[in-house]
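*Asks:* Next up is a structure, given as structure tokens.
The values are calculated or read from the model by the stated rules, or taken from the named source; none is laboratory data. Note that the coordinates shown come from a computational prediction; the quantities given were computed from them, not determined experimentally. Don't worry about glycine lacking a Cβ; one is built from the backbone with ideal geometry, like all the others, and counts go over all protein chains shown. Calculation scope for accessible area: heavy atoms of the full protein, side chains included, ligands and nucleic acids excluded. Shrake-Rupley method; radii C 1.70, N 1.55, O 1.52, S 1.80 Å.
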There are 2 protein chains.
Amino acid sequence: MGRIQTLNNSSRKEIIVEKAANLFKEKGYKAASMRDLAEVVGVEAASLYNHIKSKSELLHVICLDVANRFTNKIDEVEAEELSAKEKIEILLRFHIQEMLNNYEDVIVSDREWKHLSEPYLSNFRHQRKTYRKRFAAIIEEGIKKKEIKKIDASTAVLIMLHAVSGIESFHRSKQKISGKELEENMVTILINGLAK
Amino acid sequence: MGRIQTLNNSSRKEIIVEKAANLFKEKGYKAASMRDLAEVVGVEAASLYNHIKSKSELLHVICLDVANRFTNKIDEVEAEELSAKEKIEILLRFHIQEMLNNYEDVIVSDREWKHLSEPYLSNFRHQRKTYRKRFAAIIEEGIKKKEIKKIDASTAVLIMLHAVSGIESFHRSKQKISGKELEENMVTILINGLAK
DNA sequence: TTGTATTCCTAACGTTTGTTAGTTACATTC
DNA sequence: GAATGTAACTAACAAACGTTAGGAATACAA
């Protein structure tokens, strides 16, 4: 009968959420059972319920946290006095950094948000939609100021956000290049294109 | 007691696979139950087993079909006498077209392949890996011939493949722009970049 | 019309699922 | 050391899952 190891200043709940993110990333939310999670945590399944309310709570804690991080960042970027192109590059680099450092949460949020229950599902959808609109608005500002090519702004947002999510494959591979190199490559390709 | 509608020259099995792809896309493979599928098909769950062997067969039929289409295309492209840049653009446009026309299969294959059972899982993984290597080789050829910027080829592949998968959001949105416009925007951004 | 496949049905199976109830062990405070 | 709250356990629940068995209805060939 071993207790959950609580190192640092993280609570037992935080540890469970962290392990859950890992498991959800690996197997998907639906395929990951509470008994799987319990095993990883080192405890019986029923014991988890001393710390969390339900399986779905785990998912919405993860998703909400990720969504808030991106919302906070775009708040910050919009407030600064920068050119549109600079704003875009900052956001793009932030996405890449998040994907390099907190990728488990980000991937789960990206891929499993559909399994959120109401009202968290509606909230998440709204926050996501709003974020993309604000991102697109920055691009449109850049087009107006002739910093950016005349392209469809929402398509550009779509490309950038999804391109970044490809970093998951990078994590799985043998990491021939470093995170910094990856970041520079991505920014170059997306801002300046492949063609010479 | 209604029978499965079999129009054109498609078999009942093909109809089930088609509806399954739609359902898997909507709810995810694990969350989509055979009873859900039966309801969509218009039949009782047990009746499906007169036409298919198992739920997992549905998934691997879908995934294998998608993987083969891309493999066939890259076979075709490699055989032609074209510049690397042209080859890349053809492949990119093919990905976009597939995502516009057969997106349900492609999305399911992209997102749910992890739930394949052996030996289909290993086969799929291998085919996917090989495809990406071949794609990266074309890019490296382009770099050598100075048609393409000096970037990390596998990062470029990763960006392109994942950018295209963002077209799913396009399908969900109110389609302000046409498929053709979307294609041109994507190709422009990825080949020439955002910056003016 | 009769015989034979095909396609559907109902009923049920054995698992696995998320979760609750009730109880025991540990940790902390007085 | 007694008291109290926290965190673990065992056992079990009802519901949902994929799938099978066996029989009834339909379609097609003779």
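*Asks:* Only one residue in A:Val40, A:Val61 is open to solvent by 40 Å² or more (accessible area, probe 1.4 Å), over 30 Å from A:Lys180 (Cβ atoms), in the same structural domain as A:Ile167 (by TED's automatic domain parsing) and among the aliphatic types (A, V, I, L, M). Which one? Working first, answer last.
*Replies:* Numbers: A:Val40 fails: in the same structural domain as A:Ile167 (by TED's automatic domain parsing).
Just one listed residue meets the conditions, A:Val61.
*Asks:* Examine region A:63-84 for a residue that is among the hydroxyl-bearing types (Ser, Thr, Tyr) and touching a Leu at 6+ places or on another chain (Cβ under 9 Å), and state whether such a residue exists. Break it down into steps so the answer makes sense when it comes.
*Replies:* Looking only at region A:63-84, we keep the residues that are among the hydroxyl-bearing types (Ser, Thr, Tyr), and these are A:71, A:83.
Still in the running and touching a Leu at 6+ places or on another chain (Cβ under 9 Å): none.
No: region A:63-84 contains no residue that is among the hydroxyl-bearing types (Ser, Thr, Tyr) and touching a Leu at 6+ places or on another chain (Cβ under 9 Å).
*Asks:* With respect to B:Lys133, is the statement that it is of a type in the set (Lys, Arg) and over 21 Å from B:Phe94 (Cα atoms) true? It would help to see each step written out before you state the result.
*Replies:* Details: of a type in the set (Lys, Arg): yes; over 21 Å from B:Phe94 (Cα atoms): no.
It is false that B:Lys133 is of a type in the set (Lys, Arg) and over 21 Å from B:Phe94 (Cα atoms).
*Asks:* Can you pull out every residue in region B:20-32 that is surrounded by fewer than 21 Cβ atoms within 10 Å (Cβ to Cβ) and touching a helix residue (DSSP H, G or I) at 6+ places or on another chain (Cβ under 8 Å)? Steps first, answer last, please.
*Replies:* Initially, region B:20-32 is screened for residues surrounded by fewer than 21 Cβ atoms within 10 Å (Cβ to Cβ), giving B:22, B:26-27, B:30-31.
Once the filter is applied, which keeps residues that are surrounded by fewer than 21 Cβ atoms within 10 Å (Cβ to Cβ) and touching a helix residue (DSSP H, G or I) at 6+ places or on another chain (Cβ under 8 Å), region B:20-32 yields B:Asn22, B:Lys27, B:Lys30, B:Ala31.
*Asks:* So B:Ala20 clears everything in (1) more than 14 Å from chain A (Cβ to nearest Cβ); (2) within 10 Å of DNA strand D (Cβ to nearest atom); (3) not polar (S, T, N, Q) except one condition, right? Which one?
*Replies:* Result: B:Ala20 fails condition (2) only.
*Asks:* May I ask you to list the residues in region A:13-34 that are closer than 17 Å to A:Trp113 by Cβ, of a type in the set (A, V, I, L, M, F, W, C) and outside any loop (DSSP other than H, G, I, E, B)?
*Replies:* If the condition is that a residue be closer than 17 Å to A:Trp113 by Cβ, of a type in the set (A, V, I, L, M, F, W, C) and outside any loop (DSSP other than H, G, I, E, B), then A:Val17, A:Ala20, A:Ala21, A:Leu23, A:Phe24 are the ones that fit.
*Asks:* Separate question: Sort through A:Glu81, A:Glu86, A:Glu104 and tell me the only one that's under 20 Å from the mean Cα position of the chain (by Cα) and either away from every other protein chain (no Cβ under 14 Å) or more than 16 Å from DNA strand D (Cβ to nearest atom) (or both). It would help to see each step written out before you state the result.
*Replies:* Values: A:Glu81 fails: under 20 Å from the mean Cα position of the chain (by Cα); A:Glu86 fails: under 20 Å from the mean Cα position of the chain (by Cα).
Matching residue, one of A:Glu81, A:Glu86, A:Glu104: A:Glu104.
*Asks:* So, in region B:91-121, how many residues would count as being part of a helix (DSSP H, G or I) and open to solvent by 60 Å² or more (accessible area, probe 1.4 Å)?
*Replies:* Within region B:91-121, the subset part of a helix (DSSP H, G or I) is B:91-101, B:103-115, B:120-121.
Restricting the remaining residues to those that are open to solvent by 60 Å² or more (accessible area, probe 1.4 Å) gives B:97, B:101, B:110-111, B:114, B:120.
Going through region B:91-121 one residue at a time, the tally reaches 6.
*Asks:* Shifting gears a bit: Contact list please: Cβ distance under 7 Å, first residue in region A:28-52 and in contact (Cβ under 8 Å) with a residue 24 or more places away in the chain, second residue assigned to a loop (DSSP other than H, G, I, E, B) and near DNA strand D (Cβ under 8 Å from one of its atoms), pairs at least six apart or on different chains.
*Replies:* These pairs meet every condition: A:Gly28/B:Lys30; A:Lys30/B:Lys30; A:Lys30/B:Ala31; A:Val41/A:Ile4; A:Gly42/A:Gly2; A:Gly42/A:Ile4; A:Val43/A:Ile4.
*Asks:* Report, ordered by the first and then the second residue, all pairs with beta carbons closer than 9 Å, sequence separation of six or more or different chains, a first member in region B:105-133 that is farther than 17 Å from B:Leu158 by Cβ, and a second member that is part of a loop (DSSP other than H, G, I, E, B) and among the hydrophobic types (A, V, I, L, M, F, W, C).
*Replies:* Listed pairs, sorted by first residue: B:Lys114/A:Ala31; B:His115/A:Ala31; B:Ser122/B:Leu116; B:Asn123/B:Leu116; B:Phe124/B:Leu116.
*Asks:* Additional query: Given A:Ile139, A:Ile143, A:Ile151, A:Ile191, which one is within 22 Å of A:Ile74 (Cα to Cα), assigned to a helix (DSSP H, G or I) and touching a helix residue (DSSP H, G or I) at 6+ places or on another chain (Cβ under 6 Å)?
*Replies:* Values: A:Ile143 fails: touching a helix residue (DSSP H, G or I) at 6+ places or on another chain (Cβ under 6 Å); A:Ile151 fails: assigned to a helix (DSSP H, G or I); A:Ile191 fails: touching a helix residue (DSSP H, G or I) at 6+ places or on another chain (Cβ under 6 Å).
A:Ile139 is the lone residue from the list that is within 22 Å of A:Ile74 (Cα to Cα), assigned to a helix (DSSP H, G or I) and touching a helix residue (DSSP H, G or I) at 6+ places or on another chain (Cβ under 6 Å).
*Asks:* Sticking with this structure for a sec: Of the residues A:Ala79, A:Ala84, only one is within 30 Å of A:Lys133 (Cβ to Cβ) and crowded, with 18+ Cβ neighbours inside 10 Å; which? I'd like the intermediate steps shown before the answer.
*Replies:* Working: A:Ala79 fails: crowded, with 18+ Cβ neighbours inside 10 Å.
From the options A:Ala79, A:Ala84, the qualifying one is A:Ala84.
*Asks:* Can I ask one more? For region B:169-183, how many residues meet the condition of being in contact with an Asp or Glu (Cβ under 9 Å, 6 or more places away or on another chain) and open to solvent by 20 Å² or more (accessible area, probe 1.4 Å)?
*Replies:* Result for region B:169-183: 3.
*Asks:* Residues of region A:144-167 being open to solvent by 10 Å² or more (accessible area, probe 1.4 Å) and within 7 Å of chain B (Cβ to nearest Cβ), which ones? Steps first, please.
*Replies:* In the first step, residues of region A:144-167 are kept if they are open to solvent by 10 Å² or more (accessible area, probe 1.4 Å); the result is A:144-147, A:149-152, A:154, A:158, A:161-162, A:165.
Selection gives A:Lys146, A:Glu147, A:Lys149, A:Ile151, A:Asp152, A:Leu158, A:Leu161, A:His162, A:Ser165.
*Asks:* Find all pairs meeting these conditions: Cβ atoms under 8 angstrom apart; at least six residues apart or on different chains; first residue within region A:177-191 and small (Gly, Ala, Ser); second residue crowded, with 17+ Cβ neighbours inside 10 Å.
*Replies:* So the pair list comes out as A:Gly179/A:Leu100.
*Asks:* Just checking, does region B:77-95 include any residue being hydroxyl-bearing (Ser, Thr, Tyr) and away from DNA strand C (no atom under 15 Å from the Cβ)?
*Replies:* If we filter region B:77-95 for residues that are hydroxyl-bearing (Ser, Thr, Tyr), which is where we start, we get B:83.
Those left that are additionally away from DNA strand C (no atom under 15 Å from the Cβ): B:83.
For region B:77-95, residues hydroxyl-bearing (Ser, Thr, Tyr) and away from DNA strand C (no atom under 15 Å from the Cβ): present.
*Asks:* Here is a follow-up. Restricting to region B:43-58, and then to whatever is open to solvent by 30 Å² or more (accessible area, probe 1.4 Å) and of a type in the set (A, V, I, L, M), can you tell me which residue is nearest to DNA strand D (Cβ to nearest atom)? It would help to see each step written out before you state the result.
*Replies:* Residues of region B:43-58 that are open to solvent by 30 Å² or more (accessible area, probe 1.4 Å), as a first pass: B:43-44, B:46-47, B:49-51, B:53-56.
Checking the rest, the ones that are also of a type in the set (A, V, I, L, M) come to B:43, B:46.
Details: B:Val43: 11, B:Ala46: 3 Å.
Out of the qualifying residues, it is B:Ala46.
*Asks:* Within region A:28-45, can one find any residue that is under 19 Å from the mean Cα position of the chain (by Cα), more than 14 Å from DNA strand C (Cβ to nearest atom) and at pLDDT 95 or above?
*Replies:* No - not one qualifying residue is present in region A:28-45.
*Asks:* Determine which member of the set A:Arg125, A:Arg132 is open to solvent by 20 Å² or more (accessible area, probe 1.4 Å), under 25 Å from A:Glu184 (Cα atoms) and assigned to a helix (DSSP H, G or I). Step through it out loud before you land on a result.
*Replies:* Details: A:Arg125 fails: under 25 Å from A:Glu184 (Cα atoms).
Of the residues listed, the single one that is open to solvent by 20 Å² or more (accessible area, probe 1.4 Å), under 25 Å from A:Glu184 (Cα atoms) and assigned to a helix (DSSP H, G or I) is A:Arg132.
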